[in-house]
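Here is the structure we will look at.
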2 protein chains.
Amino acid sequence: MDNMEDNIKCVTCTAPVNIAVIKYWGKRDEELVLPVNSSVSVTLDQAQLRAKTTVMASPSFPNDRMWLNGKEQSMDSKRIQNLLNEIKQWRKEKHNGDTCTDGLLMWKVHICSENNFPTAAGLASSAAGYACLAYSLAKLYNVEGDLSAIARRGSGSACRSMYGGFVEWDMGSQEDGSDSVSRQIASENHWPELRVLLLVVSDQQKSMGSTEGMQATLKTSQLMDRRIQCVPESVEKIKEAILKKDFKTFAEITMKDSNQFHAVCLDSCPPIFYLTDVSKQIIQLVHAFNSSCGITKVAYTFDAGPNACLYLLEEDVGRVLSLICHFFPPDKDDLNTFVQGLQTPSISPLKKDVSFISLPVQRGAIQYVIHTQSGPGPSILQDPAQSLLQADGFPNS
Amino acid sequence: MDNMEDNIKCVTCTAPVNIAVIKYWGKRDEELVLPVNSSVSVTLDQAQLRAKTTVMASPSFPNDRMWLNGKEQSMDSKRIQNLLNEIKQWRKEKHNGDTCTDGLLMWKVHICSENNFPTAAGLASSAAGYACLAYSLAKLYNVEGDLSAIARRGSGSACRSMYGGFVEWDMGSQEDGSDSVSRQIASENHWPELRVLLLVVSDQQKSMGSTEGMQATLKTSQLMDRRIQCVPESVEKIKEAILKKDFKTFAEITMKDSNQFHAVCLDSCPPIFYLTDVSKQIIQLVHAFNSSCGITKVAYTFDAGPNACLYLLEEDVGRVLSLICHFFPPDKDDLNTFVQGLQTPSISPLKKDVSFISLPVQRGAIQYVIHTQSGPGPSILQDPAQSLLQADGFPNS
């Protein structure tokens, strides 16, 4: 973990993306990032989607500096500062130290982070990023504790990326947020048959950021208080469905919660739209397919953007991917780059599936598909060659 | 009203379209067509949009028959039958007659109805049609009473087309529906400055019918009960705004109710979508324009389809139409047929309006615009030349 030289400390870690099945939307405390309802998510495999962060502290650094996906960013962000200060506070408490006697607390830090997927695609990159930053800084400052509370200060949903598998972020009830932490419901090995297809929609329209969006909903939606009343029951039911590996219940609650989240967005004033016509066609395809099967085989969920996340079982991946390729064929007929990630069986769409589903073919509407699964939480990379910062504290490239 | 020959009775009437500002969505009694909430609407001028219906009774007709927009339709529809039976019942009660002694009740009827606008455009044609049928049949059978209760049996929202101007459909509380009737809030002369722009969207995608849709929402939306709780306050506030001609309040409640209605549709399972990307762009244009004016000058509302209905004041029509023509120019550059209805001032879009609004130009997305205003309720046409049925009881064309 320590660098060759005694007066430099350097740590590199990775952290996963998570996709909520019960959505987080609305804060009861903006400063502490405390939510108005608990949420539940699936942590995705880092082989397909992960953030990687190197943090370095050195007495030779005149300032704190940060690079994100190759570009230097301001460290003035309140979220970054809150997170950094919280970790330093933990170190002070642990070591009874202070910034005058504890060298490490006096040194400035350099942070370099990058994703192995396009940030602009709207794939929950901030959750992975802040989870990775919290984890890396905790290792750097050698502190232990519930890091989900630290990651939460960066970005609410980041706290769910601190664990692998299936994770609940308990909203908590304490005013200081001390019990607003995430917990693992089941590990990434619990339900190995579960698969995830991320459909990255081509036309990423500019839409309202989630921080601003959730404030607007909480302030203006008359239906929001009813949603908040409904969530606890959904959380209990989906946790039970996950533990029982009851796909039907898991899928139905997931879809219902996604739609309810987008409903309260639409009920905001002015209304907030994240779903596009393409999102809607994906929703219709899923319902038509489930209906043709006579059983719920696929679930969709949409975050604050048009991309779909589909949950399904391994045995249905080929059939569903064939349908996606049939109704949303890529602009360039290269199915190899269209479907990325885990190996996928090659199947032509079943004639009966296609004939049952009366939807138009939308060429080029989906940019690419990532086939993935549930995976573990953050981890530290011991190999110094993995560092994103050179010995001088500046990015590699 | 009577035809030349004693053994034929014939009546021709017209009735208007109405556009709700507080939406009707959900029945507490399917058979009696009783709603779960009261609703409020503006009746539109028949010069632009109206249904016209001729009803004829004759001892020589072997069967009841009906033609709608030139095509013969089955009379088996439960709605038509309910409406016809209810009117006949009124006549029996009024005249102490029965089908054996009252000639008119024994005779079969021919019904012919047509709209002066495209039925497929999704412009509340069924409300105008059933209102016109109820009104025509009441004249034919010479009965009087609250015809809104009769029209309601055909199509709920038809009861609001029984009056001109601003109309409330009171949900009522009686189990038999006797108090679920509409009432005029203010006449069509009350607020002469108010204007209506109907934006008919080009791509009329097939979507769920409102009867089926409202059943699904009532059965599956968790947010719907909250909406039902919210509506009474909105109804009271918008009635007050109408009486005071308080455009800002009228507009804000109208938009909020439209969005809430579409939110509970989205919260249904499977979700119901009526708004398209074009609808969304219209909504964004209205909010951006209001925001650039620093005051709410335009309101939108959407029924069970993608078309927008904009409410605004006469003084702003030119400026708003210019913006619509700028952001949604017609496919063929013929602005004369693009904007129909009332005369409109010709104004180029103000540079500052256009520069403030960062939306893409969507050529051809809006098919045409109808400029209209509030107008009176149904009326009878005395001129026999207006009849849609010839003396032999068959359609003119």
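Remarks
- Whichever residue in the range A:152-164 is within 24 Å of A:W191 (Cβ to Cβ) and of a type in the set (G, A, S) and, among such residues, is farthest from the chain's Cα centre (by Cα): A:G164
The rows are residues; the columns are (1) without any contact (Cβ under 8 Å) to a residue 60 or more places away in the chain; (2) in a loop (DSSP other than H, G, I, E, B); (3) within 28 Å of A:Q46 (Cα to Cα).
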residue: A:Q174; (1), (2), (3): yes, yes, no
residue: A:D179; (1), (2), (3): yes, yes, yes
residue: A:I185; (1), (2), (3): no, no, yes
residue: A:L197; (1), (2), (3): no, no, yes
residue: A:M208; (1), (2), (3): no, yes, yes
residue: A:T211; (1), (2), (3): yes, no, yes
residue: A:Q222; (1), (2), (3): yes, yes, no
residue: A:R226; (1), (2), (3): yes, no, no
residue: A:K237; (1), (2), (3): yes, no, yes
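- Residue check for B:K219: of a type in the set (K, R), closer than 25 Å to B:F328 by Cβ and outside the structural domain of B:F166 (by TED's automatic domain parsing): no
- No other residue among B:Q48, B:Q81 is assigned to a loop (DSSP other than H, G, I, E, B) and either touching a residue at least 24 places away in the same chain (Cβ under 8 Å) or farther than 24 Å from B:M255 by Cα (or both) apart from B:Q48.
- Lone qualifier among A:V143, A:V167, A:V109 - being within 12 Å of the chain's Cα centre (by Cα) and not in a helix (DSSP H, G or I): A:V167
- Considering residues of the range A:334-355 that are among the β-branched types (V, I, T) and assigned to a helix (DSSP H, G or I) only, the residue surrounded by the fewest Cβ atoms within 10 Å (Cβ to Cβ): A:T337
- Residue within the range A:310-333 that is within 14 Å of chain B (Cβ to nearest Cβ) and crowded, with 23+ Cβ neighbours inside 10 Å present: no
- Those residues of the range B:273-309 which are among the hydrophobic types (A, V, I, L, M, F, W, C), assigned to a loop (DSSP other than H, G, I, E, B) and within 10 Å of chain A (Cβ to nearest Cβ), in sequence order: B:F273, B:L275
- Number of the exception - A:S358 against (1) surrounded by 14 or more Cβ atoms within 10 Å (Cβ to Cβ); (2) out of contact with any helix residue (DSSP H, G or I) (no Cβ under 6 Å at 6 or more places or on another chain); (3) small (G, A, S); (4) more than 30 Å from A:S221 (Cβ to Cβ): (1)
- Subset of the range A:181-230 that is within 17 Å of A:Y24 (Cα to Cα) and of a type in the set (D, E) - its residue that is farthest from the other protein chains (Cβ to nearest Cβ): A:E212
- Check on A:Q205, out of contact with any helix residue (DSSP H, G or I) (no Cβ under 6 Å at 6 or more places or on another chain) and either in the same structural domain as A:L32 (by TED's automatic domain parsing) or within 30 Å of B:R227 (Cβ to Cβ) (or both): yes
- Verdict on A:G393 being surrounded by 15 or more Cβ atoms within 10 Å (Cβ to Cβ) and closer than 30 Å to A:W191 by Cβ: no
- Among the residues of the range A:231-272, those that are more than 9 Å from every other protein chain (Cβ to nearest Cβ), under 18 Å from A:V320 (Cβ atoms) and not hydroxyl-bearing (S, T, Y) comprise A:F247, A:K248, A:F250, A:A251.
- Matching residues in the range B:21-40 - criterion: being in contact with a Ser or Thr (Cβ under 8 Å, 6 or more places away or on another chain) and in a loop (DSSP other than H, G, I, E, B): B:K23, B:Y24, B:W25, B:G26, B:L32, B:V33
The values are calculated or read from the model by the stated rules, or taken from the named source; none is laboratory data. The structure displayed is predicted, hence computed values, not measured ones. No Cβ is skipped: glycine too gets one built from the backbone with ideal geometry, and neighbour counts run over all protein chains shown.
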